Amino acid sequence: MIDVKHLTVPGILENITFSVGPGERVGIIGESGSGKSVTVLSIMGLTDLPATGSITVDGVEMVGTPDRVRRRVRGRKVAMVFQEPMTALDPLKKVGSLVPRELLAEVGVDRPGAYPHELSGGQRQRVLIALALSRDPDVLICDEPTTALDAIVQAEILDLLDRLVRERGMGLLFISHDLAVVRRMTDRVLVFKDGRIVPRDSAYARELAAAAIPGAPAVPVPLGEPVVELEDVTLERGGTRAVDGVSLAVRAGERLAVVGGSGSGKTSLLHLIAGLVRPTSGTVRVAGDVQMVFQDPYSSLDPRMAVGASIREAGVDEARADAMLERVGLAGTGTRRPAQFSGGQRQRISIARAAAPRPSILLADEPVSALDATIQRQVLDLLRDTVGDGTLVFVTHDLQVARELCPTVAVMQAGRIVERGATADIFDAPEHPYTRELLEAVL
């Protein structure tokens, strides 16, 4: 169905050759910026980068042919679930006008009358999956399709994709930084590094596998007085109670993980602490300077501004901005604009910008969700160093990351905090049924 021969894009890809047969499942892994997304965008005929070589989809050439030719296969022969759903969905259209309601319901979205910005990141990603499946393609390409999903929904979506691919006899080309997901969903794996396909037994492939092994649990540290306090806070958004009567105190030096399903109110809670929205009722008090890493790096970076200038805008000099880019593995890239980076690289830039002024309180919304295992390890180390004795409120759907980084955890469901305490205690002996369900989904 898909035949890629000697695909080369100067400076990005070099001599990429592989194929995907009817009904075959192929995984692609590798660090952000290794060429994974450019490869699949080239297969879809959605990039104007100068390319040589050949890509055929069901016999139709996609390299060097007019777009009217490529359009014949997009959607009908091959469809794609994109990495960043906010940029792939029309912001002026309700999701129910894009996708049949029964398909929305099948992927777990019950708000057909909502616009994309009214949905959580995970809900938008589910809409995108439904949209890709709507024309019953022969091959489905998934670029990090479960990045923004919590463990429960991720398991549901992977089961759904697995069933639909099997029942419809579709081929599957699956990109993910989560090696466990790739092993589950595919039969054969391609390892990308620096724009090339490297052997599965290479030193780099072994490094990826080693980095995916969870680290030691976070160790509790002495804490000071509360620096973030919420008292009976409620937030109404789009007719929905995003935060429902939450009371929470975060003490100086605390590293608190906030976990829960997409749409549970985690991001809204951070926005309240950051002062980006006002509560409908209740009070929010914050003592200290705050910086935030946003969930969607593409929409939080000015597309017209060089990334070095974006970091300096946080109140630091050029030397500090350059040093932060180096710390996140992007040395010498300060003059480039966001569109010149991969999704994972943009997320690292957002982290560098938030960490640069050394805030006393750092709010991080899914800061490592789009990163491969090796870069994720580097960024977690950076967060530890940056926070130091400061305070961290860390929203994540990755329970292993939460346990490794944060000694305390709060579990959110339907806008409420249903469980709060020491991470080790809650993970070893959860009391609330929803917490148990979350943990069972990753075991």
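Overview of values
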read-out: Only one of 315, 308, 282 that is under 11 Å from residue 353 (Cα atoms) and modelled with pLDDT of 95 or more; value: 308
read-out: Sole exception among (1) under 28 Å from residue 258 (Cα atoms); (2) surrounded by fewer than 19 Cβ atoms within 10 Å (Cβ to Cβ); (3) modelled with pLDDT under 85 for residue 164, by number; value: (1)
read-out: Any chance residue 53 is at positive phi and at pLDDT below 90; value: no
read-out: Index of the failed condition, residue 415 passing every other in (1) at pLDDT below 90; (2) touching an Asp or Glu at 6+ places or on another chain (Cβ under 6 Å); value: (1)
read-out: Search result, residues across segment 119-140 that are crowded, with 18+ Cβ neighbours inside 10 Å and among the charged types (D, E, K, R); value: 124, 126, 138
read-out: Hits in segment 258-292 (condition: farther than 29 Å from residue 433 by Cα and either within 17 Å of the chain's Cα centre (by Cα) or not assigned by TED's automatic domain parsing to the domain that holds residue 413 (or both)); value: 292
read-out: Boolean, residue 20 is under 24 Å from residue 171 (Cβ atoms), over 18 Å from the mean Cα position of the chain (by Cα) and outside the structural domain of residue 342 (by TED's automatic domain parsing); value: yes
read-out: Scan of segment 24-58 for residues that are touching an Asp or Glu at 6+ places or on another chain (Cβ under 9 Å), surrounded by fewer than 23 Cβ atoms within 10 Å (Cβ to Cβ) and either outside the structural domain of residue 144 (by TED's automatic domain parsing) or assigned to a loop (DSSP other than H, G, I, E, B) (or both), ordered by number; value: 24, 58
read-out: Answer residue from segment 288-318, given it is in a helix (DSSP H, G or I) and among the polar types (S, T, N, Q) and is surrounded by the fewest Cβ atoms within 10 Å (Cβ to Cβ) among those; value: 299
read-out: Qualifying residues in segment 329-339 (those that are hydrophobic (A, V, I, L, M, F, W, C) and either in contact with a Ser or Thr (Cβ under 6 Å, 6 or more places away or on another chain) or more than 24 Å from residue 86 (Cα to Cα) (or both)) - the one surrounded by the most Cβ atoms within 10 Å (Cβ to Cβ); value: 330
read-out: Members of segment 389-443 found to be crowded, with 21+ Cβ neighbours inside 10 Å and among the aromatic types (Phe, Trp, Tyr), listed by number; value: 394
read-out: Subset of segment 1-23 [assigned to a loop (DSSP other than H, G, I, E, B) and within 19 Å of residue 58 (Cβ to Cβ)]; value: 1, 21, 22, 23
read-out: Residues that are of a type in the set (A, V, I, L, M) and in contact with a Pro (Cβ under 9 Å, 6 or more places away or on another chain), drawn from segment 336-378; value: 339, 349, 351, 354, 370
read-out: Residue match in segment 199-213 (condition: modelled with pLDDT of 80 or more, in contact with a Lys or Arg (Cβ under 6 Å, 6 or more places away or on another chain) and aliphatic (A, V, I, L, M)); value: no
read-out: Test for residue 65: is it in the same structural domain as residue 80 (by TED's automatic domain parsing), assigned to a loop (DSSP other than H, G, I, E, B), out of contact with any helix residue (DSSP H, G or I) (no Cβ under 9 Å at 6 or more places or on another chain) and not aromatic (Phe, Trp, Tyr); value: yes
read-out: Per-region count, segment 19-56, residues more than 29 Å from residue 368 (Cα to Cα) and in contact (Cβ under 8 Å) with a residue 60 or more places away in the chain; value: 5
read-out: Failed item in (1) outside any strand (DSSP E or B); (2) over 28 Å from residue 238 (Cα atoms), with residue 114 passing the rest; value: (2)
read-out: Whichever residue in segment 100-118 is within 21 Å of residue 265 (Cβ to Cβ) and touching a residue at least 40 places away in the same chain (Cβ under 8 Å) and, among such residues, is surrounded by the fewest Cβ atoms within 10 Å (Cβ to Cβ); value: 118
read-out: Number of positions in segment 369-412 that are more than 18 Å from the chain's Cα centre (by Cα) and in a strand (DSSP E or B); value: 7
read-out: Single residue of segment 84-99 satisfying the filter (among the hydrophobic types (A, V, I, L, M, F, W, C) and part of a helix (DSSP H, G or I)) that is surrounded by the most Cβ atoms within 10 Å (Cβ to Cβ); value: 95
read-out: Residue 224, sole failed condition from (1) surrounded by 19 or more Cβ atoms within 10 Å (Cβ to Cβ); (2) among the small types (Gly, Ala, Ser); (3) under 30 Å from residue 281 (Cα atoms); value: (1)
read-out: Criterion (in contact with a helix residue (DSSP H, G or I) (Cβ under 9 Å, 6 or more places away or on another chain), over 23 Å from residue 396 (Cα atoms) and not assigned by TED's automatic domain parsing to the domain that holds residue 260) met by exactly one of 153, 198, 181; value: 198
read-out: Enumeration of residues in segment 328-349 that are at pLDDT below 90 and either within 27 Å of residue 227 (Cα to Cα) or not in a helix (DSSP H, G or I) (or both); value: 328, 329, 341, 342, 347, 348
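The values are calculated or read from the model by the stated rules, or taken from the named source; none is laboratory data. The structure displayed is predicted, hence computed values, not measured ones. Cβ coordinates were reconstructed from backbone atoms using ideal geometry, including for glycine residues, and neighbour counts include every protein chain displayed.
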